[in-house]
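*Asks:* This is the structure I have questions about; it appears just below.
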Amino acid sequence: MTLNNNTAIALIDCAHLIGSPKDGSLALLNDKKQYAKFAIPPIYRTAINRMQLPLLQLSSTLIDTHKAHINNDRTDVILCTHAGTDRQLANHYRLTANAMLRELMHLSCNKSASQLADLLPTELNSSHDKVGEMATTMATRIAQSCGLNGRSFAIEAANNSFAQAMALAFDSLRTGQTDSVLIAIANDIPNHSNTQRLGASVLLLKRCNKPIDNARGYLVNALMCEKNRIVEHAKTESSQSVVLCTITNAPLTEQLKPALHTHNINLDLRANILPDTGIVGSALVLNNWLKKPNNHTRALFFDTNEGHSAPSFTISRTFCPIAVNEAHAVVLCDHQIWMANRSGVTEYWQGLTDKTGGISSLIHDTYASGSLYHENGAQHDSYYCNAAAKLNTTHRDQLGQPSPKGVLAQTLKQWPSLDIPKHSRSMVITATNLGPYSERRKLLASKLKALCTQCYEILNGNNPNSSALTSLSEWQTQFNEDALSEDFQASNLSKQVATHFALEDCQHLAIEAACAGSIAALDCAKNAIASGRIDVAIVAALELPVNLHDLSVCSNQQMLSRDVIATFCQTADGFTPGDGCAMVVLTTNTLAQKYDWPIKAELNAIGSSTLSKSMIAPNTEGQIQAMRHAFAQTFIKPSHIEFVETHGTGTPIGDSVEINAISSIYGARTHNQLKLGALKTQFGHTFAVAGLASIIKVLLSFEHNQIPRNLIRGDLHSDLQLSQLGYDPLNSNQAYSTPKGMRHATVNGFGTGGVNYHVIMSDFA
């Protein structure tokens with residue numbers, strides 16, 4: 001969309017709730033009527049995070065109040081969160097305790113087993129625990145409730161989460177990718193007290209060409225701002241008086257105060273007197289400043305307690321157009337990947353083109369001594385699947401998951417050095433689960449320690465030399481390591497990447513958009529480059545779902561195949577899980593040439609939508625809307641596309657909905673069949689990594705002049721009508737029919753809650 005020179009970004013309104021379940025100010029947390037009000041079915045009510053209801057209430061009120069300014073199809077929802085929401089902790093404690101106790105019971109005598117059984121968690125699980133605990137679904141439920149069909153995702157950047165959300169909103173609004181953005185931020189402190197308060201806040205931003213009546217302010221910019229640049233940044237705002245506000249509860253550093261006073265810059269540190277509401281405190285600082293009556297000031301909001309680059313943003317009281325950034329093509333320059341037993345790009349390509357891929361049989365004895373495997377179907381917190389695409393790593397935790405930090409380090413080690421200028425304005429954004437399991441166990445340390453003590457008393461009293469005591473010691477070691485580890489939130493993975501490349505002027509954050517997470521990350525990175533806010537972005541994705549937590553909750557929802565994933569086939573009955581880690585580097589075409597970097601492909605467009613009939617069922621219209629949104633951004637037409645990499649989850653309804661959506665946009669082919677890729681047939685479903693792994697698959701197909709085969713398992717499903725449509729399910733590797741430099745391919749990425757993405761890519765001659 002073309003923007004004129006009078007474009008501004010209005011902060012239309014904001015609202016918040018602060019309190020605790022005990023003081024009555026958040027009574028709606030326990031109000032059953034609220035579930036019906038927001039059309040939350042009973043099956044979900046025990047699975048969702050408790051801060052969902054306050055966010056729904058605030059968001060719906062704000063959207064209803066300002067619906068005259070809202071284009072529902074082009075309004076995004078960005079949720080800011082942190083590890084350790086109540087459902088994440090409750091689910092992980094139940095599953096971890098169950099796994100440990102079942103293993104100890106399996107290894108101990110009958111008397112001990114009987115006594116240990118009395119310690120098994122009694123909290124009833126929900127078939128929708130996997131969906132309910134994800135941060136993404138809080139955002140998508142807001143979108144569904146408010147009728148918003150733009151992008152929906154969740155981010156975490158520690159104390160910078162709110163500022164990062166403002167920056168990402170600035171990018172999409174400035175580039176015209178969306179018309180308005182609803183930012184929601186919630187803090188669900190596990191051990192709240194009178195000094196630590198639960199909190200929720202929402203605010204609404206809108207792109208506009210003229211002043212909006214009663215708008216609270218206007219976003220002037222969203223920049224990267226190191227501490228030593230804060231003074232210079234403030235000086236550039238000399239057209240109006242400037243107030244500097246910290247967006248966390250930390251005071252200004254002693255080094256900054258004299259410099260700011262020297263330039264007669266006003267200070268506003270009222271953040272220090274706000275109640276401790278964690279990441280919500282950042283929004284409260286902005287809300288409090290907006291209550292001031294002075295209409296002739298601007299406020300520069302910045303962070304003061306992070307030892308790295310962080311977003312800062314300026315709010316003006318009056319209508320303030322933003323400069324339109326010159327458009328540059330965004331290109332992909334490098335990549336690295338580790339999937340199953342294929343480490344590195346070369347082995348990954350071999351796995352894509354051979355007849356074996358990376359899926360193998362699960363060895364059940366390595367998962368809690370096989371005590372949680374039930375061949376005939378999932379029981380309470382157990383699993384039934386027999387196959388997975390596991391990383392070939394030796395060290396795993398007690399739930400069978402490799403160390404995310406170790407996996408990322410090993411993947412980076414495989415990456416040839418890329419000469420990224422360390423002072424370039426850069427970003428690392430990692431798609432992953434925003435509630436890392438090691439972080440959850442750290443927050444659960446006291447409960448897990450108490451459980452271990454009870455188990456020790458039982459086992460030592462009955463048989464002090466049993467193998468069960470040895471197993472218990474291993475579990476205790478795991479819990480102690482987690483409790484003593486440094487803070488390891490999801491965004492620390494991005495910090496790890498930034499440190500590897502010695503990037504000194506770099507932002508880092510983590511993002512979750514269910515199984516479309518890495519494409520959501522790619523979209524945010526592309527927008528940040530297109531808006532001119534950053535020069536280079538590294539998009540990473542890391543998820544390791546072949547572990548007891550994910551195996552159990554996915555089995556409980558009947559998501560997994562009982563045999564092996566069979567996309568497009570009659571026998572399709574669910575997906576096979578897979579571990580994975582992937583990374584790509586993005587920049588502009590101009591900078592790639594300046595840095596003398598190879599250009600692997602141009603990232604032409606990314607379309608998105610959040611549209612579904614339920615939190616788990618795929619929706620054809622939502623997928624079609626994402627595809628239309630993508631093609632509306634580029635000269636490329638569906639008829640130009642030779643290769644579509646599908647999401648291909650291998651469920652009867654998922655495959656049918658996706659093929660219907662593709663045929664609605666691409667039509668039938670009478671010449672030059674449309675080739676359909678299905679990466680999950682080789683490497684299983686890697687959740688957040690799936691989209692980026694597909695992007696790298698396309699890059700390699702361009703490079704090798706070959707579209708990789710799918711591993712078709714059985715007869716094709718006749719209802720899909722692939723042959724009638726002229727669609728090739730790729731039983732074998734196929735060469736491109738179009739010459740190099742003229743190839744176009746697309747990638748689908750879909751996720752729980754109606755998250756839909758469609759990526760259009762082109763190769764370079």
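*Asks:* For a quick check of your reading of the model, give me the residue pairs whose first member lies in region 344-371 and is within 30 Å of S701 (Cβ to Cβ), whose second is modelled with pLDDT of 95 or more and acidic (D, E), with beta-carbon atoms closer than 9 Å and at least 6 apart or on different chains.
*Replies:* W349/E703
*Asks:* While we're here: Which ones in region 408-441 are outside any helix (DSSP H, G or I), touching a His at 6+ places or on another chain (Cβ under 9 Å) and of a type in the set (K, R)?
*Replies:* Residues satisfying the conditions do not exist here.
*Asks:* Filter region 645-658 down to the residues that are out of contact with any Asp or Glu (no Cβ under 9 Å at 6 or more places or on another chain) and surrounded by fewer than 23 Cβ atoms within 10 Å (Cβ to Cβ), then identify the one that is farthest from G574 (Cα to Cα).
*Replies:* Across region 645-658, the extreme among qualifying residues is V657.
*Asks:* Can I ask one more? Could you please find all residues in region 59-82 being surrounded by 17 or more Cβ atoms within 10 Å (Cβ to Cβ), under 22 Å from the mean Cα position of the chain (by Cα) and assigned to a helix (DSSP H, G or I)?
*Replies:* Hits for region 59-82 are S59, R74.
*Asks:* Something else: Report yes if some residue within region 663-678 is within 30 Å of V497 (Cα to Cα) and either modelled with pLDDT of 95 or more or among the charged types (D, E, K, R) (or both); otherwise report no.
*Replies:* Yes: region 663-678 contains one or more residues that are within 30 Å of V497 (Cα to Cα) and either modelled with pLDDT of 95 or more or among the charged types (D, E, K, R) (or both).
*Asks:* Tell me the residue from S485, S466, S491 that is of a type in the set (S, T, Y) and farther than 30 Å from G751 by Cβ, please.
*Replies:* Going through S485, S466, S491 in turn, the sole match is S466.
*Asks:* Right, another one. Just one of the numbered conditions (1) under 26 Å from the mean Cα position of the chain (by Cα); (2) buried (at least 17 other Cβ atoms within 10 Å of the Cβ); (3) aliphatic (A, V, I, L, M) is not true of L362; which one?
*Replies:* All conditions pass for L362, except number (1).
*Asks:* I'd like the full set of residues that are touching an Asp or Glu at 6+ places or on another chain (Cβ under 9 Å) and not in a helix (DSSP H, G or I), limited to region 153-174.
*Replies:* Selection gives F153, A154, I155, E156, A158, N159, N160.
*Asks:* May I ask you to list the residues in region 83-117 that are more than 30 Å from L53 (Cα to Cα) and either without any contact (Cβ under 8 Å) to a residue 40 or more places away in the chain or not in a helix (DSSP H, G or I) (or both)?
*Replies:* Listed by number, the residues that qualify are S108, C109, N110, A113, S114, A117.
*Asks:* Could you list, in sequence order, all residues of region 698-753 that are touching a residue at least 60 places away in the same chain (Cβ under 8 Å) and either under 30 Å from Y44 (Cα atoms) or of a type in the set (S, T, Y) (or both)?
*Replies:* S718, Y727, Y736, S737, T738, T746, N748, G749, F750, G751, T752, G753, listed by residue number.
*Asks:* Of all residues being without any contact (Cβ under 8 Å) to a residue 12 or more places away in the chain and more than 42 Å from the chain's Cα centre (by Cα) in region 448-480, which is farthest from D397 (Cα to Cα)? Just the residue, please.
*Replies:* Among residues in region 448-480 that are without any contact (Cβ under 8 Å) to a residue 12 or more places away in the chain and more than 42 Å from the chain's Cα centre (by Cα), the one farthest from D397 (Cα to Cα) is G461.
*Asks:* If you don't mind, another one. Return only the number of the condition from (1) in contact with a strand residue (DSSP E or B) (Cβ under 6 Å, 6 or more places away or on another chain); (2) surrounded by fewer than 24 Cβ atoms within 10 Å (Cβ to Cβ) that N159 does not satisfy.
*Replies:* For N159, the exception is condition (1).
*Asks:* Now for a separate question. Residues of region 644-696 being outside any helix (DSSP H, G or I) and without any contact (Cβ under 8 Å) to a residue 60 or more places away in the chain, which ones?
*Replies:* The answer is G667, A668, R669, T670, H671, Q673, L674, K675, G677.
*Asks:* Applying the selection to region 372-396, what residues are surrounded by fewer than 20 Cβ atoms within 10 Å (Cβ to Cβ) and assigned to a loop (DSSP other than H, G, I, E, B)?
*Replies:* Listed by number, the residues that qualify are H374, E375, N376, G377, Q379, H380, N386, N392, T393, T394, H395.
*Asks:* What about N6, is it closer than 30 Å to L219 by Cα, of a type in the set (S, T, N, Q) and assigned to a loop (DSSP other than H, G, I, E, B)?
*Replies:* yes
*Asks:* Scan (1) crowded, with 19+ Cβ neighbours inside 10 Å; (2) more than 20 Å from L611 (Cα to Cα) for the single condition T670 breaks and write down its number.
*Replies:* (1) is the only condition that T670 fails.
*Asks:* I'm checking my understanding of the structure. Among residues of region 697-723 that are in a helix (DSSP H, G or I) and more than 23 Å from I519 (Cβ to Cβ), which one is nearest to the chain's Cα centre (by Cα)?
*Replies:* By that ranking, first place goes to L720.
*Asks:* Quick check on this structure: which one of I337, I322, I315 is part of a strand (DSSP E or B) and within 30 Å of L11 (Cα to Cα)?
*Replies:* I315
*Asks:* Can we say Q633 is among the polar types (S, T, N, Q) and in a loop (DSSP other than H, G, I, E, B)?
*Replies:* In short, yes.
*Asks:* Taking into account only those residues within region 292-340 that are among the aromatic types (F, W, Y) and at pLDDT below 90, which is nearest to T587 (Cα to Cα)?
*Replies:* The qualifying residue nearest to T587 (Cα to Cα) is F313.
*Asks:* Quick check: anything in region 418-432 of a type in the set (D, E) and at pLDDT 90 or above?
*Replies:* no
*Asks:* I've got another one for you. Taking the condition hydrophobic (A, V, I, L, M, F, W, C) and closer than 27 Å to L700 by Cβ, does L418 pass?
*Replies:* yes
*Asks:* Additional query: How many residues does region 613-630 contain that are of a type in the set (K, R) and either surrounded by 22 or more Cβ atoms within 10 Å (Cβ to Cβ) or assigned to a loop (DSSP other than H, G, I, E, B) (or both)?
*Replies:* 1
*Asks:* Oh, and also: Could you look through region 447-466, keep only residues that are modelled with pLDDT under 95 and assigned to a helix (DSSP H, G or I), and pick out the one that is surrounded by the most Cβ atoms within 10 Å (Cβ to Cβ)?
*Replies:* Ranking the candidates gives N462 first.
Let's see how each residue does on (1) within 21 Å of T81 (Cα to Cα); (2) more than 16 Å from the chain's Cα centre (by Cα); (3) surrounded by fewer than 24 Cβ atoms within 10 Å (Cβ to Cβ); (4) free of Cβ contacts under 8 Å to residues at least 12 places away in the same chain:
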site: I519; (1), (2), (3), (4): yes, no, no, no
site: V536; (1), (2), (3), (4): no, yes, no, no
site: A540; (1), (2), (3), (4): yes, no, no, no
site: A566; (1), (2), (3), (4): no, yes, no, no
site: C569; (1), (2), (3), (4): no, yes, yes, no
site: D573; (1), (2), (3), (4): no, yes, yes, no
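*Asks:* Run down R709, R743 and say which single residue is closer than 20 Å to V564 by Cβ, of a type outside the set (A, V, I, L, M, F, W, C) and at pLDDT 95 or above.
*Replies:* Exactly one residue qualifies, and that residue is R709.
*Asks:* Exactly one condition in (1) surrounded by fewer than 23 Cβ atoms within 10 Å (Cβ to Cβ); (2) more than 30 Å from A97 (Cα to Cα); (3) touching a residue at least 40 places away in the same chain (Cβ under 8 Å) is not met by T499; state its number.
*Replies:* Answer for T499: the failing condition is (3).
The values are calculated or read from the model by the stated rules, or taken from the named source; none is laboratory data. Just so it is clear, the model here is predicted, and its values are computed rather than measured. Positions of Cβ are backbone-derived with ideal geometry, glycine not excepted, and every protein chain shown enters the neighbour counts.
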